[in-house]
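Below is one structure; the comments refer to it alone.
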Amino acid sequence: MPLSGAVPAGRNLFQSPLQGLEGNALPCLTAMCRSGVARVRLRPFTGLSLLALLFSGCDSTSNSAPTSRQVTAAFVGSAACQTCHDQEFSLWRESHHALSMQPATPSNVLGQFTDIDVQHFGQTSTAFTRGEKMLVRSPVAGGSAQEFPVRYTFGVYPLQQYLVEAAGGRLQALPIAWDSRSTAAGGQRWFHLYPTEPLAPGDPLHWQGPQQNWNFMCAECHSTNLVKNYQVDSNTFATTWSELNVGCEGCHGPASLHVNEAETQQFSANRGLLANLNDSGRATWRMNPATGIAERSEPRLRPPQQPEACGRCHARRSVISSNYVYGQPLLATHIPALLDEALYFADGQVDEEVFVYGSFLQSKMYEAGVSCSDCHEPHAATLRNAASTSAVCATCHLPSRFASAEHHHHEEQAVACVDCHMASRTFMVVDDRRDHSFRIPRPQMSDSVGAPDACTSCHADRNAAWASAAMTDWYGTPDTSHYAYALNAGRQQNGNAALLRGIENPAYPGIVRATLLTLLQAPYSQAVATTISTALGDADGLVRLGALRALPGLQPEQQVDLASPLLADSLRGVRVEALRVVSPWRNLVHARHSRDFSDAEAEFIDAQLATAERPAAHASLGNLYLDAGNAAQSEAAFRQALRIDALHVGARGNLADLYRRLGRDSDAEDVLRAGLALRPAEPAWQHALGLLLVRTDRQTEGLQALRKASEDAPDNARYLYVYAVALNSLAQSDAAIDLLASSLQRFQGDFDLHWALATMLRDQQRREEAIAVTESLLERFPGIQPAEDLLRSLQ
């Protein structure tokens, strides 16, 4: 589609904080408004770039075009596999994969539909039967209750959910679920999936809302060959699948070629399958008596395929392709989550529901060559040794060494390996899931970075100091080289020194180094810029992606020069991220990269259309069209996002900014005020409105809006900074200085707050105080020339 128009390309949002501070001057608020500070640049997870991952060595396989085999292979159904693979078929037929989704028949439904009421914040949901139909009566918008026939079961253990039909081809997950555990374990009951949240109609998490929509949220991983068939114009789905559940081809890919080869007994190298999931090859695991740990008999000769195939569903990730590609790295079609603060604790332990992939890639197991099927029987989807979890561990870890009291310092048989090394967290009320990073308990470290530890999780009557003392007594002085310290330093904005050491540490997993790259704080010294440049050439696609996310701290010319080669990266996820970086500065792209830019732009558009039912996708397209100077397409995309969700923060803020750029200030104000009428406490819109009002010479009213934004989002250092600049610009310098000083107590690593305070103190002739603040800034951001110049001017 054409990308041209009247809006000038490029924007200032990604500029270094030092831009506009030439001559050590503090920018006035009006200049700041003109710079586009109000622009919210979306990175849709989470959106596209909430999530990203790959591992070393995956770059040899390109996803630039489908092979002829991928084009011609067709889905034939699991029944076609039984003739030759009866044992595997029998195991699969009873597995959670086979039971992932079923028609709601009496034999498939586990819940008791016997007029049972479930109370939730004064509202009642009732499970009952009418004739042969199972129904649920549940509250809907307006406060009334409505009856919904159950169409499908969803999952089986430890809970079973139920799906009902809604308008537009949608299937929605009901708010109540059946606890299928035994009565002794607390099960055999109905429960509400959000027991502590009211979730009135209109809330995104309400069962009729977008977050409970099966077509988008669940379908890809609970059915085989799922095609959403979402139509933007009608806002409807016509979703199809080859098999309702997760069949053989859900993992192995369409099998028609394999079946044909089996019938003729003329097998090609890969036996007609698109995915070769044999990660073991000829290798075996041989016990090393000296360590008590098994080792692979030969090194891996290719990147492991199972984590990538399993990661499609066992990862927190976003979709970036309309078509899944079997046998390819996950970054060819999805972007998995990094160790983001909202998802993981600072030591990498699971916090929110992220499934397994991101944890496993942190593990020593993964590094040593362990793959999914070494522990899990892939067809039954159970552990290899059902006797106990510790029996599985004993396959590679000598029990005489590791199951002894000398190792774990507990009574014999009192603890299992997983109790210490795979701590669990509970999701969906009853589902305990174990962390697959296989970590050593480190209570000393956990306490310092604010992460849970396995010791006090069991010994709830003891504290971290007790656990730390015990571990030191048993195992000696704790190791302080763990990446948790670097991750925590980055999250606390304690400067870039610890982050650089971590990024440059080859012993750290790729997912860790990638996350550390995203935590780098601008402005960058030359050392930081060099590290990012090096990371862009890393063999690990995940690290390259993290480096791309770090680039916006550099000047536009540097961003384009460094990111442009990755527009032709072997991994689609990296190419899409490179396009996101380069797009605002497309006028700077060299001619030799123009073809790659066009190809990556097409992939970026396809990535958004793959989730076109989500407002974030259209907001991202709006940004892209604005980058290209096409105001009409940009406005249409932002408007489409708001039609899907009028409360989408980025789409409304960016639409207002588009109108500002076009000189349509009154339209910009109308858009923001319309949003605030729906959600008065949305700080992003208050902030944008405040900047708009100041720019249109309504300083007093604008200052009020900026103050409210900073109060409604006290953890947003940027809002505090802008509010302080506004106060100073309106001759309230003392109030601005007091605000900045108090803010720095909470945001000690924020460059902008330091810089603003130092320059305001200088302007007030408070030289000694200005020197102290500037020295503090340089401790956290060494090598920043303008800060060094400011300090010299003060001395």
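The values are calculated or read from the model by the stated rules, or taken from the named source; none is laboratory data. None of the values given here were measured: they were computed from a predicted structure. Positions of Cβ are generated from backbone atoms using ideal geometry, with glycine treated the same way; all protein chains shown enter the neighbour counts. Calculation scope for accessible area: heavy atoms of the full protein, side chains included, ligands and nucleic acids excluded. Shrake-Rupley method; radii C 1.70, N 1.55, O 1.52, S 1.80 Å.
Worth pointing out:
- Shape class for region 633-750, computed from the alpha carbon gyration tensor (a ≥ b ≥ c): prolate, with a/c not under 1.5 and a/b above b/c.
- Estimated 222 nm signal from helices in the chain, with DSSP H stretches of n ≥ 4 weighted -39500 (n - 2.57), rounded to 500: -11500 deg cm²/dmol
- Dipole of region 62-189 computed with +1 at Lys/Arg Cβ and -1 at Asp/Glu Cβ about the Cα centre; of ALA74, CYS84, SER180, farthest Cα towards the positive end is ALA74.
- Environment charge at SER776 (Cβ cut-off 12 Å; Lys +1, Arg +1, Asp -1, Glu -1): -3
- Listed values [x] 50; [y] 58; [z] 55 include one computed from this model; for percent of Cα pairs over 33 Å apart that value carries the label [y].
- Per-residue packing, averaged as other Cβ atoms within 10 Å, sorts the ranges 380-390, 416-426 into the order 416-426, 380-390, beginning with the highest.
- Listed residues MET287, MET445 arranged by accessible area, highest first, probe 1.4 Å: MET287, MET445
- Across region 751-757, coupling constants 3J(HN,Hα) worked out from phi with the 6.51/-1.76/1.60 Karplus curve, θ = phi - 60°, read 5, 4, 5, 4, 4, 4, 5 Hz, and Gly and Pro carry x.
- Region 267-318: C-alpha gyration tensor shape, a/c 1.5 cut-off, then a/b vs b/c: oblate
- Where the chain is the region considered: accessible area per residue in Å², 1.4 Å probe: 43
- The dipole here belongs to region 718-795: it is taken about the Cα centre, uses +1 on the Cβ of Lys and Arg and -1 on the Cβ of Asp and Glu, and is about 80 debye.
- The peptide list 534-543, 720-729, put in order of mean Cβ contacts within 10 Å with the highest first, becomes 720-729, 534-543.
- Region 388-443 and region 96-151: distance between their alpha carbon centers, rounded to Å: 38
- Dipole magnitude (debye, nearest 20) for region 607-755, charges at Cβ of Lys, Arg, Asp, Glu: 280
- Residue ranges 459-466, 616-623 sort as 616-623, 459-466 when ordered by packing (mean number of other C-beta atoms within 10 Å per residue, highest first).
- 5 angstrom amide H check on ASP540, placed H, neighbours 5+ away: GLY57
- Summed residue charge, Cβ within 13 Å of VAL76's Cβ, Lys/Arg positive, Asp/Glu negative: -4
- Only Lys, Arg, Asp and Glu carry charge here, each on its Cβ (+1 for the first two, -1 for the last two); on that basis the chain has a dipole of about 1080 debye about its Cα centre.
- Mean Cα-pair separation over length for region 178-303, i.e. relative contact order, pairs under 8 Å, 6 or more apart, %: 11
- As a fraction of the 1.4 Å probe accessible area of the chain, surface on carbon and sulfur atoms comes out at 51 percent.
- Anisotropy class of region 377-465 from Cα gyration tensor, a/c 1.5 cut: oblate
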